[in-house]
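These notes are about the structure you will find just below.
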Amino acid sequence: MNGEPINTLVKRALDFGFSHAAPLDPTSLKIRREVRDMCAADKCKSFNNCWVCPPGCGELEEHKKTIALYTGGLLVQTTADLEDDFDYESMSSAGVLQKERMVAFRKLLLPEFGHLLALGNGGCNLCERCTYPGSPCRKPEQTMVSMEAFGLFVSEVCGDNGLGYHYGPRTITYTGCYLFK
């Protein structure tokens with residue numbers, strides 16, 4: 001890391017607008033084939049259809065090697081209240097807000113860290129039709145692979161790093177992370 005205390009980064013994330021934030025120990029990250037297999041079930045219709053989802057986002061062995069390069073990290077979350085258990089509009093809005101915050105906060109962090117890995121939530125919906133697999137991504141500076149596509153079981157990552165995952169009935173929480181060298 002760049003020497004900035006992790007607690008300062010946590011505070012910056014919270015001040016930026018994330019609902020929750022906590023330090024992340026990259027050595028706690030366990031890549032699981034079964035998580036990637038859930039992506040292959042293709043319930044979201046993104047599997048084999050975009051650069052940030054499997055298989056376009058790379059193989060799990062590559063991800064293990066990538067994660068091993070990092071020495072510090074930060075977990076960030078956006079939590080929203082729901083009117084009822086079927087409040088899809090609020091669920092969707094919170095997911096979009098988390099993605100927007102992740103991209104904007106990454107832009108703020110990049111000059112300080114030079115290089116970092118940001119892992120977000122869900123697939124990509126920036127383009128009406130993805131260029132995968134024939135051409136490079138049109139907006140690589142705005143996209144990021146999800147934690148799940150990297151093979152990470154998000155609730156386990158949160159628990160292993162002292163961050164909540166469920167904040168009560170009628171709430172939804174989206175989680176992302178940044179890894180630093």
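Looking at this structure, is ARG12 under 18 Å from the mean Cα position of the chain (by Cα), assigned to a helix (DSSP H, G or I) and farther than 19 Å from VAL157 by Cα?
Yes.
Check off (1) touching a residue at least 12 places away in the same chain (Cβ under 8 Å); (2) surrounded by fewer than 18 Cβ atoms within 10 Å (Cβ to Cβ); (3) of a type outside the set (Ser, Thr, Tyr) for LEU109 and give me the number that stays unchecked.
Tallying (1) touching a residue at least 12 places away in the same chain (Cβ under 8 Å); (2) surrounded by fewer than 18 Cβ atoms within 10 Å (Cβ to Cβ); (3) of a type outside the set (Ser, Thr, Tyr), LEU109 fails exactly one: (2).
Right, VAL52: out of contact with any Ser or Thr (no Cβ under 7 Å at 6 or more places or on another chain), among the hydrophobic types (A, V, I, L, M, F, W, C), surrounded by 12 or more Cβ atoms within 10 Å (Cβ to Cβ) and modelled with pLDDT under 95 or not?
In short, no.
Take the conditions surrounded by fewer than 16 Cβ atoms within 10 Å (Cβ to Cβ), at pLDDT 95 or above and either under 17 Å from THR171 (Cβ atoms) or under 16 Å from the mean Cα position of the chain (by Cα) (or both) and apply them to GLU83. Does it pass?
Considered against the rule, which asks whether it is surrounded by fewer than 16 Cβ atoms within 10 Å (Cβ to Cβ), at pLDDT 95 or above and either under 17 Å from THR171 (Cβ atoms) or under 16 Å from the mean Cα position of the chain (by Cα) (or both), GLU83 comes out as yes.
TYR70 is checked against (1) surrounded by fewer than 12 Cβ atoms within 10 Å (Cβ to Cβ); (2) within 18 Å of LEU109 (Cα to Cα); (3) of a type in the set (Phe, Trp, Tyr) and fails just one. What number does that condition carry?
(1)
Only one of these conditions is not met by ARG129: (1) over 18 Å from the mean Cα position of the chain (by Cα); (2) not in a loop (DSSP other than H, G, I, E, B). Which number is it?
So the condition that ARG129 fails would be (2).
Of all the residues that make up the stretch 141-181, how many are part of a loop (DSSP other than H, G, I, E, B), closer than 25 Å to GLU112 by Cα and of a type outside the set (S, T, N, Q)?
7
Taking the condition of being closer than 17 Å to LEU163 by Cβ and touching an Asp or Glu at 6+ places or on another chain (Cβ under 7 Å), how many residues in the stretch 75-90 meet it?
Residues meeting the conditions: 0.
From the set of residues in the stretch 18-49 that are of a type in the set (Lys, Arg) and not in a helix (DSSP H, G or I), which is nearest to LEU74 (Cα to Cα)?
Per the stated criteria, the residue is LYS30.
List every residue pair whose Cβ atoms sit under 7 Å apart, with the two residues 6 or more apart in sequence or on different chains, where the first one lies in the stretch 80-101 and is in contact (Cβ under 8 Å) with a residue 12 or more places away in the chain and of a type in the set (Ser, Thr, Tyr) and the second, anywhere, is outside any helix (DSSP H, G or I) and surrounded by fewer than 13 Cβ atoms within 10 Å (Cβ to Cβ).
Within 7 Å, the pairs are SER90/GLU83.
The values are calculated or read from the model by the stated rules, or taken from the named source; none is laboratory data. As the structure is a computational prediction, the values presented were derived from the model and not from experiment. Every residue, glycine as well, gets a Cβ built from its backbone with ideal geometry; the counts of neighbours run over all protein chains shown.
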